[in-house]
Amino acid sequence: MRDREETLIEQTVASILIPLEALTRALQWTASLSEAADELGVDDRTLATRLEHLHPSEQAALNTHLAYATR
């Protein structure tokens, strides 16, 4: 139970620290996830947690924005 609670806390903190708009902007111009984490002011693990647990609607919006940015 404790591991589950810690995971939920990590996911919540990651979503608070990394709003979708900031995540989108960072991923549009950075060359690596480490660089994006630095730009966002978080560590690599927090960014990875955010990316792994995007809500499906957030994932769709991120994919749309990133696809549009690479055209």
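Each listed q (0.12, 0.16 Å⁻¹) maps to a log10 I(q)/I(0) for the chain from the Debye sum over equal C-alpha point scatterers, namely -0.32, -0.54. Think of each Lys and Arg Cβ as +1 and each Asp and Glu Cβ as -1; about the Cα centre, that makes the dipole of the chain roughly 280 debye. Here the chain exposes an accessible surface that is 53 percent carbon and sulfur, computed with a 1.4 Å probe and the other protein chains kept in place. When only Cα pairs under 8 Å and 6 or more residues apart are kept, what is the percent relative contact order across the chain? Relative contact order, the chain: 36 percent.
Note that the chain presents 73 Å² accessible area per residue, ligands and nucleic acids not counted, probe 1.4 Å.
The values are calculated or read from the model by the stated rules, or taken from the named source; none is laboratory data. Only a predicted model underlies this, so the values are computations on that prediction, with no experimental measurement involved. Positions of Cβ are backbone-derived with ideal geometry, glycine not excepted, and every protein chain shown enters the neighbour counts. With ligands, DNA and RNA removed, areas are computed over all heavy atoms of the protein, side chains included. Shrake-Rupley method; radii C 1.70, N 1.55, O 1.52, S 1.80 Å.
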